[in-house]
Amino acid sequence: MNTSDLKKQARLKRKKRIRKKIVGTQLRPRLSVFRSAKHIYTQLIDDTRGHTLAAASSMEKAVKEHSKSNNNIVVASFVGKLVAERAIKLGIKKVVFDRNGFLYHGRIKAVSDGAREAGLNF
């Protein structure tokens, strides 16, 4: 196994541990964040029904138009604000944050800060 496989296995173990403890409901969905090397994706998930209520990613046209720079932190913060605005339109103010096994710093932290600025509570 190379180091990238070991890192992925460690993240998946952390993800499993986290997901045992948190569950998203209709009133308080799970804000799941996934980051790849280039992009960041967020979803509001109702685990009781298995539905995605809202989503936002750095691949959307609005995000690309907003930030012409390649600063990943700025893009991640804007994605957090975007998903929070969509959640508030649905009447959702409280969520459970799921960092998906990623460490809480950098782009993951920027998404949560952006969502909090836009009005989500977690």
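What to note about this one:
- Long-range amide H partners of residue 96 with built H, under 5 Å: 30, 31
- Antiparallel bridge percentage (DSSP; both residues within the chain; nearest 5): 75
- Alpha-carbon centroid distance for the pair segment 2-37 / segment 80-122, whole angstrom: 15
- Counted charge near residue 46, where neighbours are those whose Cβ lies closer than 10 Å (Asp, Glu -1; Lys, Arg +1): +2
Each reported figure results from applying straightforward, stated rules to the coordinates on display, with no laboratory input. In this text the structure is predicted, and so the values were computed from the model without any measurement. Note that each Cβ is placed from the backbone with ideal geometry, even for glycine, and that neighbours are counted across all protein chains shown.
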